[in-house]
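The values are calculated or read from the model by the stated rules, or taken from the named source; none is laboratory data. Just so it is clear, the model here is predicted, and its values are computed rather than measured. Cβ: placed from backbone, ideal geometry, glycine included. Neighbour counts: every protein chain shown.
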C-alpha cells in the first residue's frame, strides 16, 4: 500500500481536468463563502430579540459603539428599528431567503462542475490507459482495472467540490463566528478557543487510519469486481466443470475481506464521531457554567449569553463537520492516490516524433533477434529471416514455440530484447506503433466481438465503411450467407463476446473485419481452426484473391494451408529451425 499523505500538488494535478469549467467551481466556492458569512449573522437575532425588543436594554452600549465610529447621528433611527419586532422578523425572513437562494445556486454550480470534472477525468484516464503497453494488460486483470477507472473516479468527484466547499465554508463560519463571539464575550471566547482544538486532534488521529483503510477497501472492491467478471465471462466453463460452488466459495472469501475492511472503516468513522460528540457535550456544559457566572457578575446580558450559546451550537457543529469532513474525504484521497498511480504509468509511446512513412510495402526483416518476457528466459532466440513484400509465409510449429510472440513483435506489441526488426528498412523501434498497426490486419485465434450488431462488428476499425463494402468483406470471409439466414440479418445482435454465434461464425466475422480494413500486411493466427472442411475450402479460395500484392503471415498447424504459402517457416523452442519452399 502506498503512503497516504495529503499533498496539495495532487489536488492541482486533478483540478486541471476541470478545463473550461474551472470558473464554475471558483464561483461555487465564492457563493459558498458569501452564503456562510450571511448565515453567520442569523444567531445575532436572538440577542436583538431579548435585549432590544423584549427587555429594552443594551442601548447604552449601542450608543457608545456608534459614537466610537462617529455615527452617533444615526442612533435614533437604529434604536427605532432594533425595537421593532416587525423589522427583526422581516430581516430574518429576507436573510433566510437570500442565503437559501444562494445555497441552491451554489449547489447547482457544484454539481455541474463535478460532472464536468468527472467526465474529463474518466475520459482522459481511459484514453491514457489504452496507451499502456500490452504487457500491462497481460498482468492486470480487466475487472480490477475497470473498478479503478470507474469506482475511483466516482469517489474522487466528491473531493471536488463537496469536501472543498464544506471545508472552506466551515472555516469561514468559524472565523466570522469567533469575531462575533469575541465582541459578545472575550472571556467566554478564550475559553472556547482552549477546547476547540480537540476536534482537530481527533480528526488528525483518525484521518490517517481511515485513509489507509480506504485504500485497502478500494483494493478489495476491485478484486471482488474481478472475481465477478471472471465468473460471468467463463460461465460456460463454470457450468461444464460443475464448479458453481467453488466459484461461490471463492467470491465468499473476497466478500468477507471486503466486508471486514468496511466494518473497520465504519468503526473508525463512528469512533471519531463519538469522541467529537463527547467534546461537544463537554464544551456546552463548560460554556453554560461559565456563562451563568458572567451573567451574575453583570459582565454580559442574557441576550449576549443566548446569542453566544446559539453560536456555540453552530460553531461546534461546524468544527465537528470540519473534522468529520476531513475524515470522510480520506476515501476520496485514497482514490486520488490510486488514480495518480495510473496516470504516472508510462504509456507505450513517449516519443511523439516517431517515423510514419507514407506507404508500407510490407518487407519484414528479423536480424539476430532475441526476445524474453521476464528478462531471463528467451522465448525467441537468434531469429534471422526476411519476408519479402507480397510474400505469403506459413509459420508452423508446436504450441509454445514462439509463433504468437513472433507476430506480436511485428505488430510492435513488444520490442526485441536484443537484435532488431526492420519494416521496409526502418527499425521498428523508430516507427510509430499506431501508424504501423493501421497498416497491419490481425485475425487472432482468440476472437473478440462486441455486444453489438454484426454490421458494426465488421465495421470496427473502419466505421466509415458503407453497406456495400461491409457485405463484400463478409462475402470474402464466407459469412455472408450465414448472416442472411438470421431474421435480422446484419442487424443481428451477437451478444456479449459474440456468444450467440458459433465459434466458426465468430472467426469469419473477425476475418471480415480485417478484410474490410484492406491493409497491406495480413496476419492470421490459426484462421481455419474453427471451420469445417467446406468453409475452409471457401475461405482458401478467398485468401488466394485477397493475398495478391500483400505480405501475409499465417500461423497454422493444418497442412492444408501450406499450399497457399510461398514459404514455410518452422519454429521450435524459440528457434527458426528450417525454411522450406513449397
Worksheet item: Among the residues of region 404-413, is any out of contact with any helix residue (DSSP H, G or I) (no Cβ under 8 Å at 6 or more places or on another chain), assigned to a strand (DSSP E or B) and in the same structural domain as residue 441 (by TED's automatic domain parsing)?
Response: no
Response to the item:
Of the conditions (1) farther than 30 Å from residue 275 by Cβ; (2) crowded, with 19+ Cβ neighbours inside 10 Å, the single one that residue 384 does not satisfy is (2)
Worksheet item: Within region 414-437, how many residues are outside any strand (DSSP E or B) and under 16 Å from residue 364 (Cα atoms)?
Response: 13
Worksheet, complete the sentence: Counted residues in region 241-273 being loosely packed, with under 13 Cβ neighbours inside 10 Å, modelled with pLDDT under 80 and within 20 Å of residue 213 (Cα to Cα) come to 0
Worksheet item: So which residues in region 76-106 are without any contact (Cβ under 8 Å) to a residue 60 or more places away in the chain and within 30 Å of residue 335 (Cβ to Cβ)?
Response: 104
Worksheet entry | Considering residues of region 416-437 that are more than 20 Å from residue 135 (Cα to Cα) and in contact (Cβ under 8 Å) with a residue 60 or more places away in the chain only, the residue surrounded by the fewest Cβ atoms within 10 Å (Cβ to Cβ) | 425
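Can you tell which of 307, 231 is assigned by TED's automatic domain parsing to the domain that holds residue 190, more than 30 Å from residue 41 (Cα to Cα) and buried (at least 17 other Cβ atoms within 10 Å of the Cβ)? I'd like the intermediate steps shown before the answer.
Numbers: 307 fails: more than 30 Å from residue 41 (Cα to Cα).
Unique residue meeting the criteria: 231.
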Worksheet item: Exactly one of (1) under 41 Å from the mean Cα position of the chain (by Cα); (2) at pLDDT 75 or above is unmet by residue 289. Its number?
Response: (1)
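Going by the structure shown, is residue 400 out of contact with any strand residue (DSSP E or B) (no Cβ under 8 Å at 6 or more places or on another chain) and on the phi > 0 side of the Ramachandran plot? It would help to see each step written out before you state the result.
Details: out of contact with any strand residue (DSSP E or B) (no Cβ under 8 Å at 6 or more places or on another chain): yes; on the phi > 0 side of the Ramachandran plot: yes.
In short, yes.
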Worksheet item: When residue 399 is evaluated against the numbered criteria (1) part of a loop (DSSP other than H, G, I, E, B); (2) closer than 20 Å to residue 527 by Cβ; (3) within 31 Å of the chain's Cα centre (by Cα), which criterion, by number, is the only one it fails?
Response: (3)
Fill in: Sole residue being in contact with a helix residue (DSSP H, G or I) (Cβ under 9 Å, 6 or more places away or on another chain) and part of a helix (DSSP H, G or I), chosen from 104, 92
92
Worksheet item: When residue 492 is evaluated against the numbered criteria (1) over 23 Å from residue 409 (Cβ atoms); (2) within 36 Å of the chain's Cα centre (by Cα); (3) surrounded by fewer than 16 Cβ atoms within 10 Å (Cβ to Cβ), which criterion, by number, is the only one it fails?
Response: (3)
Worksheet entry | Tabulated pairs, region 129-145, first in a helix (DSSP H, G or I), second at pLDDT 85 or above, C-beta under 8 angstrom, 6+ apart or interchain | 129/342; 134/408; 134/413; 134/414; 135/373; 135/414; 145/129
Worksheet entry | Which numbered condition residue 442 fails, given (1) under 30 Å from residue 493 (Cβ atoms); (2) in contact with a strand residue (DSSP E or B) (Cβ under 7 Å, 6 or more places away or on another chain); (3) not in a strand (DSSP E or B) | (3)
Worksheet item: What number of residues within region 357-381 satisfy the criterion of being surrounded by fewer than 13 Cβ atoms within 10 Å (Cβ to Cβ) and touching a strand residue (DSSP E or B) at 6+ places or on another chain (Cβ under 8 Å)?
Response: 1
Worksheet item: Of the residues that make up region 38-52, is at least one under 24 Å from residue 169 (Cβ atoms), loosely packed, with under 13 Cβ neighbours inside 10 Å, in the same structural domain as residue 295 (by TED's automatic domain parsing) and at pLDDT 80 or above?
Response: no
Worksheet item: Can you pull out the residues in region 445-486 that are touching a strand residue (DSSP E or B) at 6+ places or on another chain (Cβ under 9 Å) and either outside the structural domain of residue 515 (by TED's automatic domain parsing) or surrounded by fewer than 18 Cβ atoms within 10 Å (Cβ to Cβ) (or both)?
Response: 445, 446, 451, 452, 453, 461
Worksheet item: Are any of the residues in region 366-379 modelled with pLDDT of 80 or more, in contact with a helix residue (DSSP H, G or I) (Cβ under 7 Å, 6 or more places away or on another chain) and not in a helix (DSSP H, G or I)?
Response: yes
